[in-house]
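Reading through the structure tokens given below for one structure.
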Amino acid sequence: MSTESKYRHILESRHALLLSIESSCDETAAAVVADGRTVISDVVHTQIPLHQAFGGVVPEIASRNHVEMITPVVDLALQKAGVRLEDLDGIVVTHGPGLVGSLLVGLTYAKTLAFAADLPFAGVHHIASHIAANYITFPDLEPPFTCLVASGGHSDLIRVDDYYRFTLIGSTRDDAAGEAFDKIARVLGLPYPGGPALEKLAESGDPKSIRFHSAFNEGTSFDFSFSGLKTAAIHELQVRQQNGTETSAADIAASFQHTVVEILSEKAIRAALASGDHTLALAGGVSANSALRNALLKKCSRNGIRFCCPDLRYCTDNAAMVGSAGFFRFLAAPPDDLSLNAIPGLPLA
Ligand code: KG4
Ligand code: ZN
């Protein structure tokens, strides 16, 4: 069968067994996903230990490690699924946004496999993939719905108009939520990635012990700003140190997390209500944060809104979510050709 007839088969049958690849930042991942909802295999190699010594992702180290790991990771995903290249209906891969050197490794690998095996191929948007992680966890979830995407690079409020059609409602004007978590964690001496470490420390702190103000976020805009809040938290810490005030790191972590969670959850609920949507989904690495998940769950139930968030394993970067988004990407538009490039700042809407 030619690539074209293989693609026509996807459209007509609305079924596809896809190999998906993700390498936008510091995870090399591959998965085999059926019909956008069923994960057959899912392999993630994380580079976190490599970057920990530097307190953040070093792009050059990231791309080199992707080059080393991409073949074993893809081979393992196919082997675990019991699938050969010729059994697949297509290949999908993240082509932006992300670190260009990292993106290029996965993209070039996917293009090469697609060319060699004569398979339809498509580039997928990283944020569309984070959103699609919800389709894996909730097989009955269908657009339209409102989604809050909070990750290391993004804090976006998005209207999911259709499976692969989005409207940006609001976005961060400076730091992303995950980035703010990572920076405060670093100031508190916690290891990279700071988000999960800060959440752990916050468990033993009092979330109401320090009040951090953020005038911008208290306004009516659907945009976020975390840079001022981050500076306020660092300033507060310095003043307390200078005054010799006894301040527990756990209280700072808990208070900072509480403030970020309040900002994210309030705006997300308002956005869902404004869109008239009955479902609010959460996605992106920060969706692993239990304080955020619990706050949204509570606020949604108070407002008669269904709340969805991915299983923990699909919150941070993985390829299963790319396989889900990739399926809907194929249903929405023809395959990409092999000239597709990596786009570090690829817009969603
Ligand atoms: O989606 P992701 O894996 O990568 C990007 O696309 O950026 O998100 C990573 C971000 C990091 O900033 C990390 O600190 C944050 O998600 N994160 C968390 C938690 N787990 C991961 N932030 C807060 N609480 C967590 N439990
Ligand atoms: Zn991500």
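A short reminder: the numbers here are calculations on the coordinates, not readings from a lab. For clarity, every value in this text was computed on a predicted model and none was experimentally measured. Please note: Cβ atoms are built from the backbone with ideal geometry, for glycine as well, and neighbour counts cover all protein chains shown.
Using θ = phi - 60° and the Karplus curve 6.51 cos²θ - 1.76 cosθ + 1.60, what whole-Hz ³J(HN,Hα) does each residue of the range 240-247 get, with Gly and Pro shown as x?
5, 5, 5, 7, x, 6, 5, 10
Tabulate in residue order the Karplus-calculated ³J(HN,Hα) for the range 343-349, using 6.51 cos²θ - 1.76 cosθ + 1.60 with θ = phi - 60°, rounded to whole Hz; enter x for Gly and Pro.
Once θ is set to phi - 60°, the couplings for the range 343-349 become 10, x, x, 3, x, 8, 9 Hz.
So for His258, His45, His213, His278, fewest C-beta neighbours within 10 Å to most, what's the order?
His213, His278, His45, His258
Where nothing but the Cβ of Lys and Arg (+1) and of Asp and Glu (-1) is charged, how large is the charge dipole of the range 202-349 around its Cα centre, in debye to the nearest 20?
400 debye
Using the alpha-carbon centroid of each, what span in Å lies between the range 72-87 and the range 208-243?
Using only Cα atoms, the two centres lie 47 Å from each other.
Given +1 on the Cβ of Lys and Arg, -1 on the Cβ of Asp and Glu, and no further charges, what dipole in debye does the range 52-186 carry about its Cα centre, rounded to the nearest 20?
In debye, rounded to 20, the range 52-186 gives about 300.
Enumerate the amide H contacts of Phe224 below 5 Å, restricted to partners 5 or more residues apart or on another chain; note that Pro and chain-start residues carry no placed amide H.
Residues meeting the amide H criterion: Ser171, Thr172, Arg173.
How many angstrom separate the Cα center of the range 1-36 from the Cα center of the range 244-293?
34 Å
Taking K and R as +1 and D and E as -1, what net charge do the other residues with C-beta under 14 Å from the C-beta of Asp206 add up to?
-1
Identify, among Ile169, Gly96, Pro144, the residue whose Cα sits farthest towards the positive end of the charge dipole of the range 89-210, taking +1 on the Cβ of Lys and Arg and -1 on the Cβ of Asp and Glu, with the dipole about the Cα centre.
Projecting each Cα onto the dipole axis, the largest value belongs to Gly96.
Let me have the relative contact order for the range 142-310, percent, based on Cα pairs under 8 Å that are six or more residues apart.
27 percent
Give me the percent relative contact order of the chain, please, defined on Cα pairs under 8 angstrom at least 6 residues apart.
About 25 percent, as a whole number.
Can you find, among Ser227, Val187, Leu157, the residue farthest towards the positive end of the dipole of the range 142-310? Put +1 on the C-beta of Lys and Arg, -1 on that of Asp and Glu.
Checking the options against the dipole of the range 142-310, the answer is Leu157.
Explain nothing, just the number: dipole magnitude of the chain about its Cα centre with +1 on each Lys and Arg Cβ and -1 on each Asp and Glu Cβ, in debye rounded to the nearest 20.
So the dipole magnitude of the chain works out to roughly 640 debye.
If I fit a long axis through the Cα atoms of helix 3-13 and take the longest principal axis of the Cα atoms of the chain, what angle between them do I get, 0 to 90°, rounded to 10?
Between the helix axis and the principal axis of the chain, the angle is about 70 degrees.
In whole Hz, what ³J(HN,Hα) sequence does the range 193-207 give by Karplus (6.51, -1.76, 1.60; θ = phi - 60°), x for Gly and Pro?
These are the phi-based 3J(HN,Hα) values: x, x, x, x, 5, 5, 4, 5, 5, 4, 4, 9, x, 9, x Hz.
What Kirkwood hydrodynamic radius do you get for the chain when you take the inverse of the mean 1/r over all pairs of distinct Cα atoms, in Å?
The answer is 20.6 Å.
Quick one: which of 33-43, 330-340, 80-90 comes out on top by average Cβ neighbours within 10 Å, and what's the full order, highest first?
33-43, 80-90, 330-340
Using only helices, what value at 222 nm comes out for the chain when you add -39,500 (n - 2.57) per DSSP H run of length 4 or more and divide by the total residues, to the nearest 500 deg cm²/dmol?
-15000 deg cm²/dmol
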